[in-house]
Amino acid sequence: MNARKVNIKCFGCQMNKLDSTLVASALGRAGFAISGNVENADIVLINTCSVRRHAEQRVFSHLGHLKHIKQKRPELIVGVIGCMAQRLGVELFEHKAVDIVCGSTQIPKIPELINKALGKQCQSLAVTEQIRKPDNKNDKALDDFESAYSTAQQNLSSQAFVRIMRGCNKFCSYCVVPYVRGPEVSRNPKTIVEQAKRLSAQGVKQITLLGQAVNCYKYATCGKMYCLADVLYEISKISGIEWVKFITSYPTDIFYDQILQAMAGLTKVCNYLHMPAQCGSDKMLKAMNRKYSVNKYLELIERAKERVPGIEIAGDFIVGYPEESEEIFAGSVSLVKKVRYKNIFVFKYSPRPGTKAEKYAQDDISQEVKRRRNMELLAVQEEISGHLAGEFLGKTVRVLVEGPSKKAHLEAENKDNHYQLVGRTAEDWIVVFGGTKELAGEFVDVKITKTSPLTLFGELT
Ligand code: SF4
């Protein structure tokens, strides 16, 4: 009998990408075939994100499309998994297409839920009832699932994500993560290192350690408190692993000096720090329940630049948070100029159900103003990125090749085994250059001949 085909569509952050990889790996081992095609799939899973309203709207629009397919093929099984599944739970069954609802903290159950739905043609639900209540049994199930099915990222055989902690305890007032992914739990460093060794044996060369506030990782064992720096030292010892990155960092002093020391001292640890600021006004940071001031943030960035030569910084900003005046917004513009980020991600605020901001603050900034501020901030950043990128002209950079570029950046076409390849530097610059497909997954040196704010272009040396 032919294996049943499963299509997995993923929305959202790296955590979700990792969950999708784990689920695909588990289903592959359970005898399912992973398909990139929705139209011929027997099962469609949508891994969802609740961080912004727009992300949820896109899921509903995809469900609308699946409803049409299901009218022609009623035997199609549709599952909604991830943050939105945890947030909405049984409500999602009101949508005609949905057969399975499974929250992020219940993903080990997905193969079982699919088999149940296939056998009985009935709806299956798996969400965590009290998401903020510590649950050692479920933590162990998630840990075992991650260890057993950890593998390289889809289409990037030399790269893998490794989660070192789950959940979040920060409760930033706009953020839904603590309510859908539960309390902060750091994983045992021994398990993390063993997992990294197995990935290296599979040919993985770059590991990205994941956590909502990854620099706050801490695990007490054998009379010692392990922090992120300890994990970086241990993973750096693994032969075959050449680069280690970690995202996302919360602006805090805790363990910061140890982490910077590890970055400066370990050649395998990439000089890249993604540290969201969210805003450049103390008043707004307080309203957002972010536990630092603008000056503190700047001091942390300065310290990183001093101690880790060549470090590149990426940031996140929210525009249009309730009561954001022009003056407050100007604070964000000024912070972007002072930090001189490599790149920033800017998000237009949207209230998320259940968060403090949604309950107690009025979404009083119009879409038009949010759009304008979004574009203004990106324009300021674009100029800075353009200058920083320009400094690479004529220099040679080391790149881990991802594969053929999806966008036609260069004049050369993807033909005669000559492709426009794309890869990234240790500092996370995107580099586009010509080469053969076989270079995917390899380290190469590229001489930069042209730059744009987001991309470096060059030739293999
Ligand atoms: S640190 Fe704040 S923004 Fe980040 S996941 Fe936790 S609550 Fe959300």
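Results, tabulated for the structure shown:
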| read-out | value |
| --- | --- |
| Value at 222 nm in deg cm²/dmol, rounded to 500, when DSSP H runs of n ≥ 4 in the chain each add -39,500 (n - 2.57) | -11000 deg cm²/dmol |
| Förster radius 35 Å - calculated FRET efficiency between Arg58 and Glu391, Cβ distance, rounded to 0.05 | 0.40 |
| Which of Arg372, Arg181 has the fewest Cβ neighbours within 10 Å, and the rest in rising order | Arg372, Arg181 |
| Solitary cysteines of the chain, where the nearest other Cys Cβ is not under 4.7 Å | Cys10, Cys13, Cys49, Cys83, Cys102, Cys122, Cys168, Cys216, Cys222, Cys227, Cys270, Cys279 |
| Ascending count of other beta-carbon atoms within 10 Å, so fewest first, for Cys13, Cys49 | Cys13, Cys49 |
| Compactness of the range 136-316 - radius of gyration and Dmax, Cα, Å | 16.4, 49 |
| The chain - share of DSSP beta bridges that are antiparallel (%, nearest 5) | 40 percent |
| Rg in Å to one decimal, and Dmax rounded to a whole Å, for the chain via C-alpha atoms | 22.4, 66 |
| Estimated distance in nm for a label pair at Glu91 and Thr436, the labels positioned 7 Å out from Cα along Cα-to-Cβ | 5.5 nm |
| Extension gain from Arg340 to Lys296, taking 0.36 nm per residue of separation minus the Cα-Cα distance | 14.2 nm |
| Cβ-based exposure ranking for Thr48, Thr451, in which fewest neighbours within 10 Å come first | Thr451, Thr48 |
| Debye, to nearest 20: dipole size of the chain, +1 on Lys, Arg Cβ, -1 on Asp, Glu Cβ | 840 debye |
| The chain, relative contact order [Cα under 8 Å, separation at least 6], % | 10 percent |
| Estimated inter-spin distance, Glu326 and Gln123, nm [label 7 Å along Cα→Cβ] | 5.1 nm |
| The range 5-126 shape via C-alpha gyration tensor axes, a/c threshold 1.5 | rounded |
| Simple spin-label estimate for Gln202 and Leu460 in nanometres, 7 Å along Cα-Cβ | 2.7 nm |
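Every number in this text was worked out from the coordinates using simple rules, so none of it is lab data. Predicted, not measured: the structure shown is a model, and the values here were computed from it. In this analysis, Cβ positions are derived from the backbone assuming ideal geometry, glycine residues included, and neighbour counts consider all displayed protein chains.
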